[in-house]
Amino acid sequence: MDPIADMLTRLRNAIAVHHDTVLVPHSKIKTEILRILKRTDFIERFERKGKKVRKSIVVTLRYESDGAPAITGLKRISTPGRRVYRAADKVHPVRQGFGMMILSTPAGLLTDKEARKQHIGGEVICTIW
């Protein structure tokens with residue numbers, strides 16, 4: 001089972017039915033991915049709830065004034081069965097710069113723009129647009 005793909009699917013499903021919030025099981029990498037989504041204005045906010053084994057993350061989704069979701073697409077690229085890596089010179093903009101790619105690099109999780117700026121490659125976690 002792929003916990004990151006599970007989180008992306010939960011987000012995708014909640015957006016499809018216009019939910020305001022979605023509950024995601026907690027992990028450090030999911031928290032970091034959500035921190036990037038918050039920083040780039042794809043989600044409104046997130047907060048951790050619960051203690052010990054029952055920890056979860058409540059994600060508040062962001063919608064435009066006309067009701068359109070901020071996230072129109074999510075795609076898991078690297079899976080546990082097939083890892084996908086990109087060299088620093090092969091990290092290109094997603095959807096002509098309107099989307100973003102999240103990479104796991106030696107410097108931590110970075111967006112494609114940050115990775116190009118720091119000239120770092122890594123494992124492609126997902127793309128969001």
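Between ILE57 and VAL24, HIS26, LYS49, the built amide H atoms are under 5 Å apart, and every one of these is 5 or more places off in sequence or on another chain. The HN-Hα couplings worked out from phi for region 103-111 by the Karplus form 6.51 cos²θ - 1.76 cosθ + 1.60 (θ = phi - 60°) are 10, 9, 10, x, 8, x, 6, 9, 7 Hz, whole numbers, x standing for Gly and Pro.
Remark on GLY99: its backbone amide H falls under 5 Å from those of VAL94, a criterion applied only to residues 5 or more positions apart or on other chains, H modelled at 1.01 Å from N. Mean residue ellipticity, 222 nm, helices only, the chain: the sum of -39500 (n - 2.57) across DSSP H runs of n ≥ 4, divided by residue count and rounded to 500, is -7500 deg cm²/dmol. Enclosing the Cα atoms of region 23-112 in their convex hull gives a volume equal to 128 cubic angstrom per residue. In order along region 67-81, phi translates into HN-Hα couplings of x, 6, x, 5, 9, 9, x, 9, 9, 7, 9, 8, 10, x, x Hz, rounded to whole numbers, per the Karplus curve 6.51 cos²θ - 1.76 cosθ + 1.60 with θ = phi - 60° and x for Gly and Pro. The number of Lys pairs in the chain with C-alpha atoms less than 24 Å apart, excluding pairs fewer than 8 positions apart on the same chain, is 26. Around the amide H of HIS19, modelled in the peptide plane, lies no amide H under 5 Å away from a residue 5 or more places distant or on another chain. Using only side-chain charges placed at the Cβ, +1 for Lys and Arg and -1 for Asp and Glu, the dipole size of the chain relative to its Cα centre rounds to 540 debye.
Every number here is computed from the coordinates shown, using simple stated rules; none is lab data. Please read these numbers as outputs of a predicted model, since none were measured by experiment. Positions of Cβ are backbone-derived with ideal geometry, glycine not excepted, and every protein chain shown enters the neighbour counts.
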